[in-house]
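K.L.:
Got a structure for you, questions after.
The values are calculated or read from the model by the stated rules, or taken from the named source; none is laboratory data. This is a predicted model, so every value here is computed, not measured. Cβ coordinates were reconstructed from backbone atoms using ideal geometry, including for glycine residues, and neighbour counts include every protein chain displayed.
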């Protein structure tokens, strides 16, 4: 179980917050466990969801690029909870996700996707890696508004993933009835808990 208690989703009465939790059950990203942690502070849950909607699901940059960056961060942080989630809106294959760590050698990821992953790597691990060559690739493949949104989203997801990793939360801690948004491996683990 988590190092911070989960707020009982059934105890929440604010219709907006209830809708966020229901969306988590339905779509799986973000999952109910992380939402129930954020629910300790209703404004955190509210602002996280609004930001997630505007910068991840919507925004100026195509969703699939942001999803690849999110999974790259999760895998490099070794956050099994976050790496075990997928956004079906992105319509990416598991082969693409399998190649995010060794993206430079990938034969399935595009130059655009590789440029985004170079940026994610620099933000996550060493800002000095974002040298002139990386910026040239970014400006070749993205508009400045897309670069801003990507950088902001990478920072948001990296911070949240690091926070969630410290908590020790697991898929299925709260909701074992749905495997929405989970990889097949993570879904199998939840099914074994039921």
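K.L.:
When you check residue 170 against the structure, is it at pLDDT 95 or above and either surrounded by fewer than 19 Cβ atoms within 10 Å (Cβ to Cβ) or touching a strand residue (DSSP E or B) at 6+ places or on another chain (Cβ under 7 Å) (or both), yes or no?
P.N.:
Answer is no for this residue.
K.L.:
A follow-up question, please. For residues that are closer than 25 Å to residue 106 by Cα and surrounded by fewer than 21 Cβ atoms within 10 Å (Cβ to Cβ), tally how many sit in region 26-63.
P.N.:
Matching residues across region 26-63 total 2.
K.L.:
Further question: Looking only at residues in region 29-59 that are within 30 Å of residue 143 (Cβ to Cβ) and part of a loop (DSSP other than H, G, I, E, B), which one is modelled with the lowest pLDDT?
P.N.:
Here the residue is 29.
K.L.:
Now for a separate question. Please specify each residue of region 64-85 satisfying the condition of being under 17 Å from residue 109 (Cα atoms), surrounded by fewer than 22 Cβ atoms within 10 Å (Cβ to Cβ) and within 11 Å of the chain's Cα centre (by Cα).
P.N.:
Result: 75, single match.
K.L.:
Touching a helix residue (DSSP H, G or I) at 6+ places or on another chain (Cβ under 8 Å) and more than 16 Å from residue 65 (Cβ to Cβ) - does that describe any residue in region 112-126?
P.N.:
yes
K.L.:
Could you grab me the full set of residues in region 104-129 that are over 22 Å from the mean Cα position of the chain (by Cα) and surrounded by 14 or more Cβ atoms within 10 Å (Cβ to Cβ)?
P.N.:
Of everything in region 104-129, just one residue is over 22 Å from the mean Cα position of the chain (by Cα) and surrounded by 14 or more Cβ atoms within 10 Å (Cβ to Cβ), namely 129.
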